[in-house]
Each structure stands twice: as C-alpha cells, then as structure tokens.
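Values in this text are rule-based calculations from the coordinates and carry no lab data. What you are looking at is a predicted structure, and each value in this text was computed from that prediction instead of being measured. A quick note on method: Cβ atoms are made from the backbone with ideal geometry, for glycine too, and the neighbour counts reach across all protein chains shown.
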Amino acid sequence: MHEIVQKTYLVTGGDGFIGQHLVAKLVATGHDIIVVDNHITSMPSEDTPGVKVLQANIEQLNLSQLPKIDGIFHLASIAAPRLFREHPMSVIRPNIHGTERMVQLAELNSCRLIYTSSSETYGNAGDSISSKKMAEDHTSAHLLLSDKSPYSSAKVMGEEIIRSAKERGVDSTAIRLFNVYGENMDPTLQGRGRVIPNFLNALQQGLAIPVEGDGSQSRTFTWIGDVIEGLVQLMQHHRELPLVMNMGSEETITILDLAKMMATVIDIDPIIEFADRLSGDPDWRCPDCSLLRQTIGWSPQTSIEEGLRILISENLIRHPLI
Ligand code: UDP
C-alpha cells in the first residue's frame with residue numbers, strides 16, 4: 001500500500017475561498033496545516049484538528065515562531081474589485097511584501113513555494129477572438145491606473161519576485177489561475193464582488209442580473225475542485241517546476257451567456273440589468289494549459305454547466321428561493 005508521508009504545509013489566505021478548499025483537502029489526506037489569514041475577506045474557520053490558524057498580515061509574520069515547513073501555498077490576496085479599488089494597499093502588500101516574506105520562509109526551510117498568480121496578469125489581451133488562447137508567453141496589455149490595475153500590477157510584481165527567487169535557486173512557481181469558482185466564494189460579498197456570486201445572489205433574491213457592458217466579454221471559469229487537485233499535485237511533483245503556468249478551463253463563455261445559463265440551471269426567466277464595465281476590464285481570456293498538462297498531466301474535468309449545477313444545487317439547499 002502507498003503510505004502518505006505526513007507533511008506540514010503553510011497556506012496563506014487559508015480561510016479564503018480557495019484556501020479553505022485546499023486546507024480541507026490537505027487535512028483529509030493526513031497533513032498538518034498552518035493557516036495565515038488576516039480575515040479581511042474571509043471568516044475564521046471552525047477549529048479543525050491538524051489546522052493551526054494565525055490571524056496576521058503575512059508580510060508581518062514572525063518567521064522564527066513557525067515550526068519546520070515542508071511547503072508553502074501563497075494564496076493570500078483580496079480579489080473583489082470594489083475592495084482593491086478602495087484599499088489598493090490591501091492587494092499590493094500581500095502580493096509584493098507578502099511574496100517576499102514567503103520567499104524568505106521557503107529559503108529558510110528549503111521547501112517549495114507555490115504562488116497563485118492570476119490571468120489578470122494578461123490584462124486586456126487584445127481583439128475579442130473567442131477561439132484564441134493565451135500561453136504563458138502571450139502579450140499582456142494593461143490600461144494603467146485603471147479600476148483593475150491594483151490587482152493586476154500586484155500579481156505581475158508577485159511573479160517578478162518569484163522569478164528572482166527562482167534565479168537564486170528557490171524551489172518556486174507562479175500559477176496563473178483563471179476565474180476559479182465554487183462553493184463558499186466571497187462569503188462577505190461586499191459590493192461589486194466576482195461575477196458568479198454576484199449573479200447567484202441576484203437570482204436568489206429575485207433581482208435583475210447585473211451584467212456589465214453588453215455582456216459580450218468572455219471568460220473561462222475553472223471549478224474549484226479541479227484547481228485544488230492541480231495545486232496539490234504541483235506541491236507533490238518530484239521534478240523542478242517551470243517558473244509560471246496557466247491553470248484554467250479552456251471552455252469560453254460570454255458573461256451574458258453565463259447569466260442565462262445560471263438562470264436556466266435555477267429554472268427562472270432571467271431579467272438582465274445592464275451596468276457600466278470597470279475600466280481595464282478584459283474583453284476575453286482563455287488559457288492554453290499545455291505546459292501544465294505536460295508537467296503534471298493536469299486538465300480541468302468539470303464543465304461550466306456541471307460546475308454551476310453543483311454550486312447552485314448546494315446553494316439552494318442553504319438558501320432556498322422564496
Ligand atoms: N461582471 C458582471 N457583473 C458583475 C460582476 C462582474 O457583468 O456583477 C463581469 C465583469 O464586467 C467581467 C466579468 O464579469 O467582464 C468577470 O468579472 P470578475 O470580477 O468575476 O472576474 P475578472 O474580471 O477578474 O475576470
């Protein structure tokens with residue numbers, strides 16, 4: 001029988017959306033976890049055996065108080081546009097100073113550091129051709145000092161810090177995630193959050209779906225379970241990892257079609273309300289995940305319709321339609 005070697009992993013943002021799913025998976029497979037989270041956009045999780053939670057800003061973390069760490073998942077970052085427009089330092093600090101700190105920790109422990117970057121690093125990558133995909137060396141085009149730029153610039157700088165660490169021999173990689181969605185996303189839902197929880201919230205309250213622009217902009221949405229599988233495999237991979245890799249669904253959908261699909265899954269007639277788009281909002285985005293596929297054999301398993309069905313049926317149990 002294949003025995004699991006128990007490890008201690010540090011997960012920054014471990015009480016956030018992706019973090020809590022990752023921690024649950026790691027604990028279920030017998031590992032010990034240290035969560036570092038400032039709980040700006042998350043709630044402290046319930047006490048769980050094997051999980052120690054430190055409420056702190058990661059850039060201020062006292063590294064000498066930590067036990068021996070076998071691997072670091074650096075996820076901490078706010079992602080809701082309203083918050084990073086109003087408080088840009090709360091996205092700049094964890095991605096820049098926080099990443100520097102996590103590099104120091106990886107060096108101290110000679111362990112692997114996985115930094116979750118974002119498809120936002122591509123900015124608005126040009127013409128809206130839905131069949132196009134972006135590999136890691138795709139051009140990036142940013143509207144500077146836009147509504148989106150605090151987040152995208154912080155992630156670009158985070159990647160640069162990982163690059164300089166890797167050049168010094170630190171075992172590290174940056175993973176560009178493409179619109180991850182799933183259960184328990186953005187529980188604080190403060191103002192303009194991410195599109196899927198916003199639409200779900202509107203549908204459940206019988207309100208119009210707030211589509212920004214004409215809804216022709218497209219994204220690919222990646223199911224949380226697929227992302228967690230990928231992140232865990234990357235940590236356990238025995239060979240050196242490339243500097244940066246895309247991780248995302250390659251199934252494109254326009255935002256208007258997403259609204260309609262969600263309404264169909266809930267089985268109500270959609271009422272759409274059109275609103276202004278944020279400045280710097282990309283017209284399209286679709287990853288080429290060949291590098292990740294070659295490296296660990298990962299590819300997404302869950303279609304957007306399947307994922308929405310799971311998410312919506314779980315949500316309706318907790319918040320039935322009135
Ligand atoms: N969006 C929308 N209504 C909302 C929230 C977002 O139409 O209530 C649109 C937004 O304009 C963008 C897309 O959905 O084009 C994805 O937005 P999100 O913030 O979820 O992700 P990102 O822009 O980072 O891909």
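Below are the figures for this structure:
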read-out	value
Share antiparallel - DSSP beta bridges, the chain, percent rounded to 5	10
Relative contact order of the chain, defined on C-alpha pairs under 8 angstrom at six or more residues apart (%)	18
Helical contribution to [θ] at 222 nm, DSSP H n ≥ 4, -39,500 (n - 2.57), averaged over the chain, rounded to 500	-11500 deg cm²/dmol
Two-site FRET efficiency, ILE268 against MET89, from Cβ-Cβ distance with R₀ of 41 Å, rounded to 0.05	0.55
Within segment 1-73, trypsin sites (Lys or Arg not before Pro) in DSSP loop having at most 13 other beta-carbon neighbours inside 10 Å	LYS68
Sparse-neighbourhood loop sites, trypsin sites (Lys or Arg not before Pro) in segment 194-251 - DSSP loop, at most 12 other Cβ within 10 angstrom	ARG239
Segment 157-169 - phi-based ³J(HN,Hα) in whole Hz, Karplus 6.51/-1.76/1.60, Gly and Pro as x	5, x, 5, 4, 5, 5, 4, 5, 5, 5, 5, 8, x
Cut-off under 5 Å, modelled amide H: who pairs with ASN179 long-range	SER119
³J(HN,Hα), Karplus 6.51/-1.76/1.60, whole Hz, each residue of segment 30-38, x for Gly, Pro	x, 9, 9, 10, 10, 9, 10, 8, 8
Segment 100-112 - phi-based ³J(HN,Hα) in whole Hz, Karplus 6.51/-1.76/1.60, Gly and Pro as x	4, 5, 5, 5, 4, 5, 5, 5, 4, 9, 6, 10, 7
